Structures are given as structure tokens and as C-alpha cells.
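Asks: Here it is, the structure, as C-alpha cells.
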Amino acid sequence: MPLVPAICTQCGARLEVDPNCEAAICKYCNTPFITEKAINNYNTTYVTNIGHLHADVVHINDDSSRDSRVKSGETFLKFDDYTSAEEVFSKLTKECPYDYRGWWGLVRVYSRKFTDFSIGRPELSKMKSMYDKACTVATPQEKSAMDAEYKPYSAQLERRLSERLNDTRQRMQQESYEFEAQKRNLESRINALSEQQKSLKQPSKILTIVLGILILIVAIDLFSGYAGAPAQAILFQFVPIVIVLALFALGIKYTVGKVLDTSYYKKVDQLGAEISSLRNALYNLSNANAARVRDYNERLSKMDGGR
């Protein structure tokens, strides 16, 4: 007996069935169905209500229409127009999920026809999802043909992802060591310069101490000559001399100390400028390291994401 047209009750694919068989299995979605219901489904869709159907509904379940869409997608792939090819195959998967060629077309789009080894693990996971769906609705022969292309590519991509992941981690670790070494070097130089700055002695202060000691010695020596002298003599002779000496010492401290302090302040300012420069370098180094770590983490997430 000749086969008659029918429509799968599960996925809506157009089929040809033997009306004498009570049940059959859809070659697109592998779902069992009652033959009579599938035939009635076809009669209802294509005969009774044909005038009420939207045009693209009729087209999508037509084998020639699907073949035409697949051919369009394949042509876009040949032209390396992956955007247009993705649009065609995506629409095919939505309207004909039982046709493995839509899912398989997306796999080839995402992999750039199995030539792109720069994609990350999230993209690989997405591509694998499309491949699994294609295998679900494909026949064993179709699945075997897909395996021949997909499995060698995915295995090589996995190896490259692992190599890139290890290389990136090693570079990240090496650059972390270099950052820590540079940071310690800058901190060591800052501390050394700070200690050097603290150890500097202001000449005018040293001069003040020396002059004070000299005045004290002179005063003691003068006072010894007034031993036993009346208090009036000490008050009007010794004290004025001490005052004059003190004023003389202050004059020396002001004039000579100012000259001596010039080089001191110059050295302090020089050390301060070096310390400030090193602190800015340390700040910039820390910011650059933080940005580097964020960049590495994003790259690692892209390569290792989804695991």
C-alpha cells in the first residue's frame, strides 16, 4: 500500500506513513505517535483549514522550504557571512527544532567552520549545547558524520584552552612575583630616604647648643673672678657682661646659622621630593597591578568559565 502524508503530533514535522500501521516513530524528533492521529493532523492542517493557515506555517513544514533555508545558510557560510548564517539557522531551529541541520549550522557558525581556536569556554559550552541538540534529532548516520568534524575540533580546542589557561596562570603568577619585588624595592627606598631625612641635623640648632655651652663656660669663668665680691658689683658688672655675650651669640646664631641652614633645607627638600616621587611610583604600580589582576581574572573566567 502507498504511503500517505501525515504530521507528527509532537514536533509538527511533515511525514509519510503506512496507514495500515497503528503507530510509528517520527524520524525528526524520535517520538512515537498514533498513525491515525498523525494522518488526521495532516488532513486538518493542510486540507480542512488550509485557507486559515498563515503562509509561513505551511512553508516551514514543507521539506523543500526547509531545504531552501538550509541551502541559504550553507551559502552564507561559504561566503564567511556568519551573521547572516546565524540568523537563518537560528530561525530554522525555532520553527523546525526537529531538523538537525539548524542546530548543526549554528555549531559551524560558532566555530567559524571549525577553524576558530581562540574562543573561550563559555562559547564552547554554548556550541556543545547546539551540538547535543543536533545529535538528539539526527539519525545515527547523520550523527556519525557530525562526530567526524566536531569531535576532533572540540578535542583540539580543549587542549588549547587548557594550554592557554596554564600559560595565563603562569604569566599571572610571574608578574605577581615581579610586582611584589618592585613594591618591596620602592618601600625599602622610601624607608631609607625617610630615615636619612630624619637623621639630618639642623646646623643652626647645633650652633645654638655650642654657643650656649661657650657662654656658660665664659660665665662660670667670669663669675669665679667675682667670688666674694659684693652683690652690687655682681649685679652691675657681671650680669651685663653675660647679657652682652648672649646677645652676641644670638647674632652669630642668626647670621651664621641662616647660611648653614640653607644647605640643610635644600637637602631636606631634595629628600622629600625623592620620597614623594617614590610614593607616587608605588601608588601607580599598585593601581597598574590591580588593573592587571582584574584583566587576568576576566581572561581566566573566559577560558575556564562553565567548568
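The values are calculated or read from the model by the stated rules, or taken from the named source; none is laboratory data. Just so we're clear, the structure is a prediction, and the values are computed from it rather than from any experiment. As a convention, Cβ positions derive from the backbone with ideal geometry for all residues, glycine included, and neighbour counts pool all protein chains shown. Ligands, DNA and RNA are stripped out before the accessible areas are found, and what is left, the full protein with its side chains, is counted by its heavy atoms. Shrake-Rupley method; radii C 1.70, N 1.55, O 1.52, S 1.80 Å.
Asks: Under 16 Å from the Cα of Lys205, which aspartates and glutamates turn up, not counting those fewer than eight places away in the same chain?
Replies: Reachable aspartates and glutamates: Asp261.
Asks: Hey, can you grab everything whose amide H is under 5 Å from the amide H of Val17? Only 5+ residues off in sequence or another chain; H modelled, so Pro and N-termini drop out.
Replies: Here the answer is Val4, Ala6, since their amide H atoms fall under 5 Å of that of Val17.
Asks: Now for a separate question. With runs of 4+ DSSP H residues as the only contributors, calculate the mean residue ellipticity of the chain at 222 nm using -39,500 (n - 2.57) per run, divided by the residue total and rounded to the nearest 500.
Replies: -25500 deg cm²/dmol
Asks: Okay, moving on. Mind checking Rg over Rh on segment 247-307, alpha carbons, Kirkwood formula for Rh?
Replies: In segment 247-307, Rg relative to Rh is 1.61.
Asks: Among (1) 43, 24, 15; (2) 28, 26, 18; (3) 101, 19, 15, which one is semi-axes √(5λ) of the Cα gyration tensor in Å computed from these coordinates?
Replies: (3)
Asks: Okay, next question. So what J values fall out for segment 119-132 if you push phi through Karplus, 6.51 cos²θ - 1.76 cosθ + 1.60 with θ = phi - 60°, rounded to Hz, Gly and Pro as x?
Replies: 6, x, 5, x, 5, 5, 5, 5, 5, 5, 4, 5, 5, 4
Asks: Please go through segment 1-41 and write out the GluC sites (Glu not before Pro) that DSSP classes as loop and that have at most 10 other C-beta atoms within 10 Å.
Replies: Those that pass, being in a loop and sparsely packed, are Glu22.
Asks: If you build a Gaussian network model of the chain, linking Cα atoms that sit under 10 Å apart, which residue out of Ala219, Ala273, Ala288 swings the most?
Replies: Ala219
Asks: What length, rounded to one decimal in nm, is gained on full extension from Lys37 through to Ser84, with 0.36 nm per residue of separation minus their alpha-carbon distance?
Replies: Computed gain between Lys37 and Ser84 is 13.1 nm.
Asks: Oh, and also: Measure off, as a whole percent, the carbon and sulfur share of the 1.4 Å-probe accessible area of the chain, all protein chains present.
Replies: 57
Asks: Another question, if that's okay. To make sure I understand the rule: partners must be lysines, Cα under 18 Å from the Cα of Lys151, and not fewer than 8 residues away in the same chain. Which ones qualify?
Replies: Within the straight-line limit of under 18 Å, Lys151 reaches these lysines: Lys113, Lys126, Lys128, Lys133, Lys143.
Asks: By how many degrees, between 0 and 90 and to the nearest 10, does the Cα long axis of helix 82-95 differ from the longest principal axis of the chain?
Replies: Here the helix axis deviates by roughly 50 degrees.
Asks: Now, a different point. Provide, for q = 0.11, 0.14 Å⁻¹, the log10 of I(q)/I(0) from a solvent-free Debye sum over equal Cα point scatterers in segment 64-130.
Replies: Result of the Debye calculation: -0.23, -0.37.
Asks: Roughly how many debye, to the nearest 20, is the charge dipole of segment 121-188 about its Cα centre, given +1 on each Lys and Arg Cβ, -1 on each Asp and Glu Cβ, and no other charges? Show your work: numbers first, answer last.
Replies: On the way: 13 positive and 12 negative charges, 27 e Å.
My answer is approximately 120 debye.
Asks: On average, how much accessible surface per residue is there in the chain, in Å², for a 1.4 Å probe, leaving out ligands, DNA and RNA?
Replies: Heavy-atom accessible area per residue stands at 62 Å².
Asks: I'd like the FRET efficiency for Phe114 and Lys71, computed as 1/(1 + (r/R0)^6) with the beta carbon distance as r and R0 of 25 Å, rounded to 0.05.
Replies: The computed FRET efficiency comes out at 0.80.
Asks: Also, quick follow-up: Anyone know which of Gly212, Gly12, Gly102 comes out most mobile in the 10 Å Cα GNM of the chain?
Replies: Gly212
Asks: Given the options Ala246, Ala192, Ala38, which has the most mean-square fluctuation in a GNM of the chain, springs set between C-alpha atoms less than 10 angstrom apart?
Replies: Ala246
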